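Reviewing the structure listed below.
The values are calculated or read from the model by the stated rules, or taken from the named source; none is laboratory data. Keep in mind it's a predicted model, so treat the numbers as computed, not measured. Virtual Cβ from ideal backbone geometry, glycine too; neighbours counted across all protein chains shown. Note: areas computed on protein heavy atoms with side chains; ligands, DNA, RNA excluded. Shrake-Rupley method; radii C 1.70, N 1.55, O 1.52, S 1.80 Å.
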Amino acid sequence: MNSLLPLALFAALFIAAPVAAERPNQPMASLAEAPYQLEVTILSIEEKAQTSQITSIWHRVRVERVFVGSGLKQGDETAVVSAVRSNPSMTSGSSGHRGPFKGPNGLPIKGDRARIFADGTASILQTRSPNGWQHAERMISFVAADEECHSDSTMPLLATLLEALGSDAKIATTQMHYATADDGTGSPSKTPDASARTSLTDGARMSYADCTVLCMRERELGYNTMLSFKAATTQGLPLVGFRSSLHAFAYPNDAGGKQWNDKFPREQFGASWKFQHGSSSKTRVLAPDAEAAKHAILAGVVIPTEGLVLPSSLIEIEPLTPDCRVLLWGEAMDSERKEAAQKQPILWTRELKRENDLPPRRIAFTTLGDQGDFANPEFRVISVQMIAWAIGEEAQHARAARAPLPSR
């Protein structure tokens, strides 16, 4: 009997102790619904003990940019409140707010620049728990899962060009997700495999990115990877697509995901793939009309009146949904499908309405994107500016994208 006493006391200690489960980080789609979304500079910090376990962290901040939220403008100062929990020894549980900075629980320190996703009022903001503090630069996910377009080369190039943007500081950091297979336990392998079809490297991180750039062809993503993919690409966040992403999925008829084959491109990009004009053909990019030429994606882009020839074959698509705005048309050269229409939209945008006065969701797509297209500086500029526009950074120039590519 006595030998059981220490065990009983040990169990009682854990039963009596207040334990709150550690809260997982909210996906970016949830944070992006916050009524206040700001970029701020930390001016001062004050800690206020609330209980023996909970400390409130008050950040005095200066507003640098207002993305969402009324009552605040650039230059205003306001308070931002977070909470840090100190759990008793030998217990586990929620540590409260946390972020990617150097302060307590990874919260910002004085002088840091940060983005906040918050509730509350303009005078006292409450960051969304637990990860309402984010780096000022957006995180962009690049999905490289199209071996025919050599996306394992083009997407890293595009990520490098994007990270070079910004006058004072870069506007984005990037993470890559390559095609891979499951490792046998239902989790993605960490080793890229261009021919694999069921998973993506670091796929779980996709749901924490601000925007996804997709170059993906005929995949059959497994359940766990698909959860993150759906959160990143279908729940209100910016999205940019290239070429074969119009048939990103190819689930077999007896698979549960079969509806994604047609549903995904139509609902997200506003179009469906029909066919291409043959591997021996090319696309002549036609000069935009006066109105389209004013769009930020085409800012500074030079397309001569006789057109710009790129090596991608023209893709025939189903009619676009009415909310699509066509910026560029393409014309087939040396088409192998003479009976088909020889002119098609090749670059378009969508701005989809969101609830609660949130800014519209931005989507950009181009049917171009073979490896040879990226050798053209005008196409590189268009590609970079598609992403910059989607995340609301269209004022940034894309001079870096026009620079000559490094020799191999």
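General observations
- Proximal lysines to Lys353, defined as alpha-carbon separation beneath 25 angstrom and excluding residues fewer than eight positions away on the same chain: Lys73, Lys230, Lys263, Lys294
- Folded to 0 to 90 degrees: helix 377-390 orientation relative to the chain principal axis, Cα: 40
- Whole-angstrom gap from region 29-108 to region 175-189, using each part's C-alpha centre: 34
- The ratio of the alpha-carbon radius of gyration of region 323-364 to the globular-protein estimate 2.2 N^0.38 Å is 1.72.
- With semi-axes defined as the square roots of five times the eigenvalues of the C-alpha gyration tensor, the equivalent ellipsoid of region 130-191 measures 26, 19, 6 Å, largest first.
- Computed from the C-alpha gyration tensor, the three semi-axes of the ellipsoid equivalent to region 302-378 are 28, 16, 11 Å, from longest to shortest.
- Bridging of Lys258 to aspartates and glutamates at a Cα separation below 17 Å is possible for Glu218, Glu220, Glu267, once same-chain residues fewer than 8 apart are set aside.
- Taking a straight line from the alpha carbon of Lys338, these lysines sit under 22 Å away, with near neighbours fewer than eight places off in the same chain left out: Lys274, Lys282.
- Sites matching trypsin sites (Lys or Arg not before Pro) across region 133-204 that sit in DSSP coil, with at most 15 neighbouring C-beta atoms within 10 Å: Lys190
- Sorted largest first, extent of region 132-267 alpha carbons per principal axis (Å): 52, 31, 29
- Principal axis dimensions, largest first and in whole angstrom, of the chain by Cα: 89, 57, 43
- Taking all Cα pairs closer than 8 Å and separated by 6 or more residues, the relative contact order of the chain comes to 12 percent.
- Computed with every protein chain present, the accessible area of Phe379 is close to 0 Å² [probe 1.4 Å].
- For the listed peptides 329-338, 208-217, a ranking on the average number of other beta carbons within 10 Å per residue, highest first, reads 208-217, 329-338.
- Region 53-185, relative contact order in percent, only Cα pairs under 8 angstrom and at least six apart counted: 17
- DSSP beta bridges in the chain [antiparallel fraction, %, rounded to 5]: 70
- The alpha carbons of region 174-217 stretch over 30, 20, 13 Å along the principal axes, in descending order.
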